[in-house]
Amino acid sequence: MRPDTPAETVDHTAEAARLERTAGLYPEDSEALLLRAAAHLELAGDRPTATALYDRLLSSTDGLENPHLVRALKASNLWEYGHEAEARAIIEGVRVASPRDPAPWVIVAEALESHDELEAAHDTFTEAVRLLLTDVPEPPQPTHPLL
């Protein structure tokens with residue numbers, strides 16, 4: 001989900017602006033494009049603008065394909081620039097919602113882990129594995145980061 005291009009080789013702010021313009025031209029792909037734009041903004045260090053993009057997606061009248069992923073990314077971003085309480089609240093909301101997609105689980109667990117909340121991260125990974133992999137003979141590829 002997040003760009004792997006180092007900041008020194010890409011103008012992340014310009015790339016985010018390009019992706020936002022492209023999202024306006026292709027509304028059917030706007031969610032994915034705006035998530036990529038937000039990731040570029042995070043890499044550029046413009047976390048408040050990235051949060052605004054997440055909020056824009058969450059307030060959209062069009063149904064999101066994966067609202068839990070958007071919330072998880074927003075929480076991770078918020079925590080990185082000092083909004084720990086709000087991030088924790090969003091993380092708890094994602095956990096309570098019990099999404100059936102592994103990506104939001106991975107994002108919130110890794111956010112907890114990166115802030116030395118190791119027990120909470122472990123509990124989140126465990127909860128996701130129990131929810132998504134009980135009675136599954138072979139874990140699907142998207143669930144591998146949970147393991």
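The values are calculated or read from the model by the stated rules, or taken from the named source; none is laboratory data. Worth saying up front: this structure is predicted, and the values here are computed from it rather than measured. Note that each Cβ is placed from the backbone with ideal geometry, even for glycine, and that neighbours are counted across all protein chains shown.
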- Message: Among the residues that make up the stretch 29-46, is at least one of them part of a helix (DSSP H, G or I), over 22 Å from Ala111 (Cα atoms) and of a type in the set (S, T, N, Q)?
- Response: yes
- Hey, can you tell me all the residues within the stretch 127-142 that are in a helix (DSSP H, G or I) and surrounded by 12 or more Cβ atoms within 10 Å (Cβ to Cβ)? Glu127, Ala128, Val129, Leu131, Leu132, Leu133, Pro142
- Task: Mind counting the residues in the stretch 53-69 that are of a type outside the set (Asp, Glu) and exposed (fewer than 13 other Cβ atoms within 10 Å of the Cβ)?
- Result: 4
- Message: Quick check on my filter: what residues within the stretch 107-126 are farther than 14 Å from Ala75 by Cα and either acidic (Asp, Glu) or exposed (fewer than 15 other Cβ atoms within 10 Å of the Cβ) (or both)?
- Response: Asp116, Glu117, Leu118, Glu119, His122, Asp123, Thr126
- Val129 within 21 Å of Asn66 (Cβ to Cβ), over 14 Å from the mean Cα position of the chain (by Cα) and modelled with pLDDT under 95: no
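Table: residues versus (1) modelled with pLDDT of 95 or more; (2) part of a helix (DSSP H, G or I); (3) within 30 Å of Val136 (Cα to Cα).
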position: Asp55; (1), (2), (3): yes, yes, no
position: Ala72; (1), (2), (3): yes, yes, yes
position: Gly82; (1), (2), (3): no, no, no
position: Ala85; (1), (2), (3): yes, yes, no
position: Gly93; (1), (2), (3): yes, yes, yes
position: Pro104; (1), (2), (3): yes, yes, yes
position: Glu110; (1), (2), (3): yes, yes, yes
position: Phe125; (1), (2), (3): yes, yes, yes
